[in-house]
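**Q** Please see the structure below; I have some questions.
The values are calculated or read from the model by the stated rules, or taken from the named source; none is laboratory data. It should be emphasised that the depicted structure is a prediction, and the values quoted were computed from it without experimental measurement. So basically every Cβ, Gly included, is an ideal-geometry build from the backbone, and we count neighbours across all protein chains shown. Areas reflect the complete protein model, heavy atoms only, side chains present, ligands, DNA and RNA absent. Shrake-Rupley method; radii C 1.70, N 1.55, O 1.52, S 1.80 Å.
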Amino acid sequence: MSLLTIGTVAFDDIQTPFGHAERVIGGAATYIAVSASYFLQDIKLVSVVGGDFPSTELDYLRSRGVNLDGLQIKQDEKSFFWAGKYRDDLNTRDTLATELNVLADFNPVVPSHYKNADFVMLGNLTPAVQKQVIEQFPQRPKLIALDTMNFWISSALDDLKEVLGMVDVLIINDEEARQLTDEYSLVKAARVIHAMGPRYLVIKKGEHGALLFYNSDEDPASDQIFFAPALPLAEVFDPTGAGDTFAGGFIGYLAKTGDLSFGNMKRAVIYGSAMASFCVEAFSLDRLKELNEDAIQQRVDRFVKLVNFDINRAPSAL
Ligand code: AMP
(Lines give C-alpha, C1' and ligand atoms only; values in the text may rest on other atoms or scores of the structure.)
Protein backbone atom coordinates (compact mmCIF):
# COMPACT_ATOMS: atom_id res chain seq x y z
CA MET A 1 0.00 0.00 0.00
CA SER A 2 1.21 3.53 -0.56
CA LEU A 3 1.43 6.49 1.77
CA LEU A 4 1.11 10.20 1.14
CA THR A 5 2.37 12.61 3.76
CA ILE A 6 2.37 16.36 4.14
CA GLY A 7 3.97 18.50 6.81
CA THR A 8 6.82 20.91 7.27
CA VAL A 9 10.28 20.31 5.82
CA ALA A 10 12.29 22.69 7.90
CA PHE A 11 15.33 24.09 9.64
CA ASP A 12 15.33 23.77 13.43
CA ASP A 13 17.35 25.41 16.17
CA ILE A 14 17.24 23.20 19.24
CA GLN A 15 18.49 23.77 22.76
CA THR A 16 18.45 20.89 25.23
CA PRO A 17 20.25 20.56 28.58
CA PHE A 18 22.89 18.62 26.59
CA GLY A 19 23.70 21.03 23.83
CA HIS A 20 22.62 23.39 21.10
CA ALA A 21 22.01 22.30 17.50
CA GLU A 22 21.81 25.29 15.17
CA ARG A 23 19.98 25.17 11.84
CA VAL A 24 19.66 21.41 11.64
CA ILE A 25 17.24 19.57 9.38
CA GLY A 26 13.79 19.06 10.86
CA GLY A 27 10.14 19.39 10.01
CA ALA A 28 7.18 17.09 10.57
CA ALA A 29 7.10 15.60 7.07
CA THR A 30 10.83 14.94 7.12
CA TYR A 31 10.60 12.88 10.30
CA ILE A 32 7.40 11.12 9.17
CA ALA A 33 8.85 10.16 5.79
CA VAL A 34 12.18 8.91 7.13
CA SER A 35 10.48 6.90 9.88
CA ALA A 36 7.88 5.40 7.50
CA SER A 37 10.61 4.58 4.97
CA TYR A 38 11.72 1.71 7.22
CA PHE A 39 8.33 0.06 6.51
CA LEU A 40 7.44 1.17 2.98
CA GLN A 41 9.09 2.18 -0.27
CA ASP A 42 6.23 4.06 -1.87
CA ILE A 43 6.05 7.35 0.07
CA LYS A 44 4.76 10.49 -1.58
CA LEU A 45 5.62 13.81 0.04
CA VAL A 46 3.78 17.12 -0.36
CA SER A 47 5.45 20.17 1.14
CA VAL A 48 7.37 23.35 0.39
CA VAL A 49 10.93 24.55 1.00
CA GLY A 50 12.94 27.62 0.07
CA GLY A 51 16.02 27.81 -2.15
CA ASP A 52 18.10 27.62 1.06
CA PHE A 53 17.22 23.95 1.69
CA PRO A 54 20.24 21.67 1.02
CA SER A 55 19.86 19.46 -2.06
CA THR A 56 21.92 16.76 -0.29
CA GLU A 57 19.08 16.36 2.23
CA LEU A 58 16.56 16.03 -0.58
CA ASP A 59 18.81 13.41 -2.18
CA TYR A 60 18.85 11.57 1.13
CA LEU A 61 15.03 11.49 1.21
CA ARG A 62 14.97 10.19 -2.37
CA SER A 63 17.48 7.50 -1.41
CA ARG A 64 14.96 6.32 1.22
CA GLY A 65 12.31 5.85 -1.47
CA VAL A 66 10.53 9.15 -0.84
CA ASN A 67 9.02 10.66 -3.97
CA LEU A 68 9.46 14.46 -3.99
CA ASP A 69 7.38 15.40 -7.04
CA GLY A 70 4.95 17.08 -4.62
CA LEU A 71 7.67 19.16 -2.93
CA GLN A 72 7.61 22.77 -4.12
CA ILE A 73 10.97 24.58 -4.09
CA LYS A 74 10.61 28.37 -3.95
CA GLN A 75 14.09 29.48 -4.98
CA ASP A 76 13.85 33.08 -3.76
CA GLU A 77 12.28 32.33 -0.39
CA LYS A 78 13.34 30.88 2.96
CA SER A 79 12.35 27.50 4.40
CA PHE A 80 10.14 27.15 7.48
CA PHE A 81 12.20 27.72 10.64
CA TRP A 82 11.43 26.65 14.20
CA ALA A 83 13.46 27.22 17.37
CA GLY A 84 12.75 25.50 20.65
CA LYS A 85 14.28 25.05 24.06
CA TYR A 86 13.68 22.08 26.35
CA ARG A 87 13.47 22.37 30.11
CA ASP A 88 15.51 20.06 32.32
CA ASP A 89 12.75 17.41 32.45
CA LEU A 90 12.90 17.19 28.61
CA ASN A 91 9.12 16.72 28.59
CA THR A 92 8.37 20.44 28.40
CA ARG A 93 9.63 22.74 25.70
CA ASP A 94 9.23 26.40 24.90
CA THR A 95 8.94 27.55 21.33
CA LEU A 96 11.36 30.45 20.86
CA ALA A 97 10.56 31.18 17.21
CA THR A 98 8.24 30.01 14.45
CA GLU A 99 9.06 31.62 11.10
CA LEU A 100 6.52 30.42 8.56
CA ASN A 101 8.45 31.84 5.55
CA VAL A 102 7.47 29.63 2.52
CA LEU A 103 4.60 28.18 4.53
CA ALA A 104 2.83 31.55 4.85
CA ASP A 105 1.23 31.34 1.40
CA PHE A 106 1.65 27.64 0.67
CA ASN A 107 -0.83 26.26 -1.80
CA PRO A 108 -0.37 22.47 -1.79
CA VAL A 109 -0.70 20.67 -5.10
CA VAL A 110 -1.19 16.90 -4.96
CA PRO A 111 0.32 15.49 -8.20
CA SER A 112 -2.09 13.23 -10.12
CA HIS A 113 0.11 10.15 -9.59
CA TYR A 114 -0.16 10.71 -5.80
CA LYS A 115 -3.95 10.55 -5.78
CA ASN A 116 -4.17 6.77 -5.52
CA ALA A 117 -2.45 6.77 -2.09
CA ASP A 118 -4.31 4.44 0.30
CA PHE A 119 -2.93 5.99 3.48
CA VAL A 120 -2.55 9.69 4.24
CA MET A 121 -0.58 11.17 7.12
CA LEU A 122 -1.35 14.85 7.51
CA GLY A 123 1.68 15.97 9.49
CA ASN A 124 1.82 19.10 11.55
CA LEU A 125 1.07 22.08 9.30
CA THR A 126 -1.53 24.82 8.77
CA PRO A 127 -4.94 23.07 9.26
CA ALA A 128 -6.38 24.79 6.17
CA VAL A 129 -3.56 23.29 4.09
CA GLN A 130 -4.22 19.85 5.59
CA LYS A 131 -7.84 20.22 4.48
CA GLN A 132 -6.86 21.35 0.97
CA VAL A 133 -4.86 18.15 0.57
CA ILE A 134 -7.81 15.90 1.52
CA GLU A 135 -10.06 17.80 -0.88
CA GLN A 136 -7.78 16.99 -3.83
CA PHE A 137 -8.42 13.23 -3.57
CA PRO A 138 -11.01 12.05 -6.12
CA GLN A 139 -11.98 9.24 -3.74
CA ARG A 140 -11.47 8.90 -0.03
CA PRO A 141 -8.22 7.12 0.96
CA LYS A 142 -8.47 4.03 3.17
CA LEU A 143 -7.21 5.88 6.26
CA ILE A 144 -6.46 9.54 6.99
CA ALA A 145 -4.47 10.42 10.11
CA LEU A 146 -3.70 13.92 11.35
CA ASP A 147 -1.17 15.43 13.71
CA THR A 148 -1.25 19.00 15.01
CA MET A 149 0.23 21.08 17.81
CA ASN A 150 -0.47 23.84 20.34
CA PHE A 151 0.53 26.55 17.84
CA TRP A 152 -2.38 25.64 15.52
CA ILE A 153 -4.84 24.95 18.36
CA SER A 154 -4.28 28.54 19.52
CA SER A 155 -4.06 30.23 16.13
CA ALA A 156 -6.40 28.27 13.80
CA LEU A 157 -8.94 26.42 15.95
CA ASP A 158 -11.91 26.76 13.58
CA ASP A 159 -9.94 25.42 10.61
CA LEU A 160 -8.58 22.64 12.78
CA LYS A 161 -12.06 21.57 13.90
CA GLU A 162 -13.19 21.52 10.27
CA VAL A 163 -10.37 19.21 9.17
CA LEU A 164 -10.84 17.01 12.25
CA GLY A 165 -14.32 16.24 10.94
CA MET A 166 -12.68 14.70 7.85
CA VAL A 167 -10.10 12.33 9.38
CA ASP A 168 -10.05 8.83 10.93
CA VAL A 169 -7.14 9.17 13.37
CA LEU A 170 -5.87 12.10 15.44
CA ILE A 171 -2.36 11.84 16.91
CA ILE A 172 -1.54 14.48 19.54
CA ASN A 173 0.15 14.80 22.93
CA ASP A 174 -1.60 15.00 26.30
CA GLU A 175 -1.09 18.75 26.70
CA GLU A 176 -2.59 19.38 23.24
CA ALA A 177 -5.55 17.05 23.94
CA ARG A 178 -6.33 19.08 27.07
CA GLN A 179 -5.92 22.39 25.24
CA LEU A 180 -8.17 21.24 22.39
CA THR A 181 -10.99 20.01 24.64
CA ASP A 182 -10.74 21.99 27.90
CA GLU A 183 -10.88 18.63 29.69
CA TYR A 184 -8.14 17.57 32.10
CA SER A 185 -9.11 13.89 32.18
CA LEU A 186 -7.75 12.26 29.03
CA VAL A 187 -10.69 9.85 28.97
CA LYS A 188 -13.11 12.79 28.86
CA ALA A 189 -10.87 14.59 26.35
CA ALA A 190 -11.00 11.46 24.14
CA ARG A 191 -14.83 11.55 24.18
CA VAL A 192 -14.84 15.19 23.10
CA ILE A 193 -12.32 14.50 20.32
CA HIS A 194 -14.30 11.49 19.04
CA ALA A 195 -17.33 13.77 18.82
CA MET A 196 -15.25 16.11 16.62
CA GLY A 197 -14.72 13.31 14.05
CA PRO A 198 -11.79 10.91 14.52
CA ARG A 199 -12.74 7.31 15.40
CA TYR A 200 -9.21 6.59 16.55
CA LEU A 201 -7.18 8.80 18.82
CA VAL A 202 -3.58 8.45 19.92
CA ILE A 203 -2.55 10.58 22.88
CA LYS A 204 1.24 10.65 23.35
CA LYS A 205 2.49 11.15 26.88
CA GLY A 206 6.22 11.60 26.25
CA GLU A 207 8.32 9.41 28.51
CA HIS A 208 5.06 7.94 29.90
CA GLY A 209 4.05 6.22 26.66
CA ALA A 210 0.89 6.56 24.58
CA LEU A 211 -2.83 5.77 24.75
CA LEU A 212 -4.87 4.51 21.81
CA PHE A 213 -8.63 5.08 21.95
CA TYR A 214 -11.17 3.55 19.58
CA ASN A 215 -14.72 4.82 19.51
CA SER A 216 -17.44 2.78 17.85
CA ASP A 217 -20.44 4.88 16.84
CA GLU A 218 -22.66 1.84 16.44
CA ASP A 219 -21.90 0.06 19.68
CA PRO A 220 -20.38 1.91 22.64
CA ALA A 221 -19.69 -1.51 24.25
CA SER A 222 -17.03 -2.07 21.55
CA ASP A 223 -15.08 1.06 22.51
CA GLN A 224 -11.47 0.15 23.32
CA ILE A 225 -8.42 1.63 25.01
CA PHE A 226 -4.83 0.41 24.74
CA PHE A 227 -1.78 1.66 26.60
CA ALA A 228 1.75 1.40 25.21
CA PRO A 229 4.73 2.30 27.39
CA ALA A 230 7.69 4.36 26.31
CA LEU A 231 10.98 2.55 26.61
CA PRO A 232 12.81 3.73 29.74
CA LEU A 233 16.02 5.16 28.24
CA ALA A 234 19.12 6.13 30.19
CA GLU A 235 19.96 8.92 27.74
CA VAL A 236 17.36 11.12 26.10
CA PHE A 237 19.32 13.63 24.10
CA ASP A 238 16.77 15.56 22.03
CA PRO A 239 13.00 14.83 21.90
CA THR A 240 12.43 16.97 18.77
CA GLY A 241 10.61 15.03 16.10
CA ALA A 242 9.69 12.14 18.40
CA GLY A 243 5.98 12.76 17.80
CA ASP A 244 6.41 12.84 14.02
CA THR A 245 8.69 9.82 14.08
CA PHE A 246 5.99 8.01 16.09
CA ALA A 247 3.40 9.03 13.47
CA GLY A 248 5.65 7.83 10.61
CA GLY A 249 6.22 4.44 12.25
CA PHE A 250 2.53 4.08 13.15
CA ILE A 251 1.16 4.86 9.70
CA GLY A 252 4.09 3.15 7.92
CA TYR A 253 3.33 -0.09 9.74
CA LEU A 254 -0.42 0.20 9.02
CA ALA A 255 0.24 0.92 5.34
CA LYS A 256 2.67 -1.99 5.09
CA THR A 257 0.20 -4.45 6.65
CA GLY A 258 -3.04 -2.91 5.29
CA ASP A 259 -4.88 -4.21 8.35
CA LEU A 260 -7.06 -1.72 10.23
CA SER A 261 -8.23 -4.01 13.04
CA PHE A 262 -7.80 -2.70 16.59
CA GLY A 263 -5.26 -5.50 17.27
CA ASN A 264 -3.11 -4.27 14.39
CA MET A 265 -3.50 -0.64 15.45
CA LYS A 266 -2.01 -1.71 18.80
CA ARG A 267 1.01 -3.20 16.99
CA ALA A 268 1.31 0.03 14.98
CA VAL A 269 1.45 2.02 18.24
CA ILE A 270 4.31 -0.21 19.43
CA TYR A 271 6.24 0.21 16.14
CA GLY A 272 5.66 3.98 16.31
CA SER A 273 6.89 4.06 19.91
CA ALA A 274 9.98 2.03 18.98
CA MET A 275 10.85 4.44 16.16
CA ALA A 276 10.33 7.45 18.48
CA SER A 277 12.65 5.87 21.06
CA PHE A 278 15.47 5.99 18.48
CA CYS A 279 14.73 9.55 17.44
CA VAL A 280 15.38 10.99 20.91
CA GLU A 281 18.87 9.47 21.11
CA ALA A 282 20.50 12.16 18.94
CA PHE A 283 19.87 15.60 17.43
CA SER A 284 17.85 15.98 14.23
CA LEU A 285 17.58 12.83 12.05
CA ASP A 286 21.01 11.57 13.02
CA ARG A 287 19.91 8.41 14.84
CA LEU A 288 17.08 7.60 12.42
CA LYS A 289 19.47 7.72 9.49
CA GLU A 290 21.58 4.85 10.80
CA LEU A 291 18.82 2.30 11.56
CA ASN A 292 18.14 -1.05 9.97
CA GLU A 293 15.44 -3.72 10.24
CA ASP A 294 17.31 -5.74 12.88
CA ALA A 295 17.77 -2.78 15.19
CA ILE A 296 14.06 -1.90 14.91
CA GLN A 297 12.94 -5.47 15.54
CA GLN A 298 15.22 -5.78 18.58
CA ARG A 299 13.77 -2.59 20.00
CA VAL A 300 10.21 -3.82 19.46
CA ASP A 301 11.19 -7.00 21.32
CA ARG A 302 12.29 -4.84 24.26
CA PHE A 303 8.84 -3.23 24.33
CA VAL A 304 7.19 -6.64 24.36
CA LYS A 305 9.42 -7.78 27.22
CA LEU A 306 8.75 -4.58 29.15
CA VAL A 307 5.01 -5.19 29.44
CA ASN A 308 4.84 -8.97 29.37
CA PHE A 309 3.83 -10.63 32.64
CA ASP A 310 1.96 -13.67 33.94
CA ILE A 311 -0.74 -13.48 36.54
CA ASN A 312 -1.53 -16.47 38.68
CA ARG A 313 -5.31 -16.63 38.44
CA ALA A 314 -5.73 -19.35 41.04
CA PRO A 315 -8.08 -18.29 43.88
CA SER A 316 -5.24 -18.79 46.36
CA ALA A 317 -3.36 -15.93 44.68
CA LEU A 318 -5.60 -13.36 46.39
P1 AMP B 1 7.63 17.14 17.33
O2 AMP B 1 8.81 17.23 18.25
O3 AMP B 1 7.33 15.74 16.88
O4 AMP B 1 6.45 17.87 17.83
O5 AMP B 1 8.05 17.88 15.98
C6 AMP B 1 9.05 18.83 15.89
C7 AMP B 1 9.15 19.30 14.44
O8 AMP B 1 7.99 20.04 14.13
C9 AMP B 1 10.34 20.21 14.25
O10 AMP B 1 11.28 19.57 13.40
C11 AMP B 1 9.76 21.49 13.63
O12 AMP B 1 10.41 21.87 12.45
C13 AMP B 1 8.32 21.17 13.35
N14 AMP B 1 7.43 22.26 13.79
C15 AMP B 1 7.57 23.09 14.84
N16 AMP B 1 6.54 23.98 14.92
C17 AMP B 1 5.71 23.67 13.88
C18 AMP B 1 4.46 24.20 13.42
N19 AMP B 1 3.85 25.23 14.02
N20 AMP B 1 3.90 23.63 12.34
C21 AMP B 1 4.50 22.60 11.72
N22 AMP B 1 5.67 22.05 12.09
C23 AMP B 1 6.28 22.58 13.16
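**Q** State all residues of the stretch 108-131 that are of a type outside the set (Val, Ile, Thr), within 13 Å of the ligand (Cβ to nearest atom) and touching a residue at least 40 places away in the same chain (Cβ under 8 Å); if no residue qualifies, say none.
**A** Across the stretch 108-131, the qualifying residues are MET121, LEU122, GLY123, ASN124, LEU125, GLN130.
**Q** Kindly evaluate LYS74 against the criterion of being away from the ligand (no atom under 13 Å from the Cβ), within 30 Å of GLU175 (Cβ to Cβ) and touching a helix residue (DSSP H, G or I) at 6+ places or on another chain (Cβ under 6 Å).
**A** No.
**Q** For the stretch 83-99, give me the residue count where each residue is surrounded by 15 or more Cβ atoms within 10 Å (Cβ to Cβ) and aliphatic (A, V, I, L, M).
**A** Matching residues across the stretch 83-99 total 2.
**Q** Identify, from the list VAL24, VAL34, the residue that is over 16 Å from LEU125 (Cβ atoms), within 16 Å of the ligand (Cβ to nearest atom) and either at pLDDT below 95 or out of contact with any helix residue (DSSP H, G or I) (no Cβ under 6 Å at 6 or more places or on another chain) (or both).
**A** VAL24
**Q** Do we have any residue at all in the stretch 133-155 that's among the aliphatic types (A, V, I, L, M), closer than 23 Å to PHE11 by Cβ, at pLDDT 95 or above and open to solvent by 10 Å² or more (accessible area, probe 1.4 Å)?
**A** No: zero hits.
**Q** Would you call GLY65 under 19 Å from GLU290 (Cβ atoms) and surrounded by 22 or more Cβ atoms within 10 Å (Cβ to Cβ)?
**A** No.
**Q** OK, next. Among the listed residues ASP105, ASP94, which satisfies the condition of being within 16 Å of the ligand (Cβ to nearest atom), at pLDDT below 95 and assigned to a loop (DSSP other than H, G, I, E, B)?
**A** So the residue among ASP105, ASP94 that is within 16 Å of the ligand (Cβ to nearest atom), at pLDDT below 95 and assigned to a loop (DSSP other than H, G, I, E, B) is ASP105.
**Q** Continuing with this model, one more query. What is the residue count in the stretch 234-255 for residues that are more than 16 Å from the ligand (Cβ to nearest atom) and touching a helix residue (DSSP H, G or I) at 6+ places or on another chain (Cβ under 9 Å)?
**A** Result for the stretch 234-255: 3.
**Q** With the structure loaded, tell me whether GLY209 is closer than 20 Å to TYR271 by Cα and surrounded by fewer than 23 Cβ atoms within 10 Å (Cβ to Cβ) or whether it fails that test.
**A** It is true that GLY209 is closer than 20 Å to TYR271 by Cα and surrounded by fewer than 23 Cβ atoms within 10 Å (Cβ to Cβ).
**Q** For the stretch 1-21, which residues satisfy the criterion of being polar (S, T, N, Q), more than 18 Å from VAL280 (Cα to Cα) and within 16 Å of the ligand (Cβ to nearest atom)?
**A** THR5, THR8
Conditions tested, residue by residue: (1) crowded, with 17+ Cβ neighbours inside 10 Å; (2) within 18 Å of the chain's Cα centre (by Cα).
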residue: ASP219; (1), (2): no, no
residue: PRO229; (1), (2): no, yes
residue: ILE270; (1), (2): yes, yes
residue: SER284; (1), (2): yes, yes
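**Q** Could you check how many residues of the stretch 263-293 are of a type in the set (A, V, I, L, M, F, W, C), in contact with a strand residue (DSSP E or B) (Cβ under 9 Å, 6 or more places away or on another chain) and at pLDDT 95 or above?
**A** 6
**Q** Still on this model: Among (1) open to solvent by 10 Å² or more (accessible area, probe 1.4 Å); (2) in a loop (DSSP other than H, G, I, E, B); (3) within 13 Å of the ligand (Cβ to nearest atom); (4) charged (D, E, K, R), which single condition is ASP259 missing?
**A** Going through (1) open to solvent by 10 Å² or more (accessible area, probe 1.4 Å); (2) in a loop (DSSP other than H, G, I, E, B); (3) within 13 Å of the ligand (Cβ to nearest atom); (4) charged (D, E, K, R) one by one, ASP259 breaks only (3).
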